[in-house]
Every structure is written in structure tokens, then in C-alpha cells.
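Novice: Pasting a structure here, questions to come.
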Amino acid sequence: MTYKPVRTAGGTARTRGRPEQAANRAAQEVDEVAGTVEETRGTGSESDAARRRRRAQFLRELTEARELRDRVQPRRAKAARLRHAMRMRTFRW
């Protein structure tokens, strides 16, 4: 079996088929995130730029996840689009 890197929502490459490496990489990512959270909490003041950067990254990942869900479940996505269109038609300004 060949091992190909797989892109994840966070933009990091993971290797399919090697759970020990994936677990190690996930643990490293958790440690990195925990370290950055502790740093920002320790200072008490987080810059607006850093907060906006994290928020923009989160929104990009959320949009990517929604697009993936729509591709994987096209019938549900179509029904959701139609419901949204109906809500917008019946909304009064």
C-alpha cells in the first residue's frame, strides 16, 4: 500500500495508513495550540490582529467544511438551498 499525504481542513498534510504518525502529529498540533492559548492568556491582552487572524482561519475552515458537506450530500444541500430561498422570499423588509 502506498502512503499518500492527505490535506485536512486545517491545511496540514497527514499521512493515510500510518496511525502512529498521525497520532504523534495530532499531539504536536495540540501542544502548539495549547502553548499559544497559554501565551495569550498569560499576557492578558491579545492583539486585535492575532484575534482577527485566528477568526479568519476559523471562518475559512468552516466554509471549507460546509463545501465538503455539500459535495458529499448533494440532496441535502439542494434541500437546504431551496429552504433558504423560500425563507428569503417570504421575509418582509
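Novice: Order 53, 75, most accessible first, counting only protein heavy atoms with a 1.4 angstrom probe.
Specialist: If we order 53, 75 from most to least accessible, we get 75, 53.
Novice: If you take the alpha carbon radius of gyration of the range 51-93 and divide it by 2.2 N^0.38 Å, what ratio comes out, to two decimals?
Specialist: 1.54
Novice: Right, next: Around residue 55, with a cut-off of 12 angstrom between Cβ atoms, what is the net charge of the other residues, counting Lys and Arg +1 and Asp and Glu -1?
Specialist: +2
Novice: Next up: Given a 1.4 Å probe and the protein chains all in place, what does the accessible area of residue 64 round to, in Å² to the nearest 10?
Specialist: 90 Å²
The values are calculated or read from the model by the stated rules, or taken from the named source; none is laboratory data. On a predicted model such as this, the values are computed, not experimentally measured, just so you know. Virtual Cβ from ideal backbone geometry, glycine too; neighbours counted across all protein chains shown. Heads up: the accessible areas ignore ligands, DNA and RNA and are worked out on the full protein's heavy atoms, side chains in. Shrake-Rupley method; radii C 1.70, N 1.55, O 1.52, S 1.80 Å.
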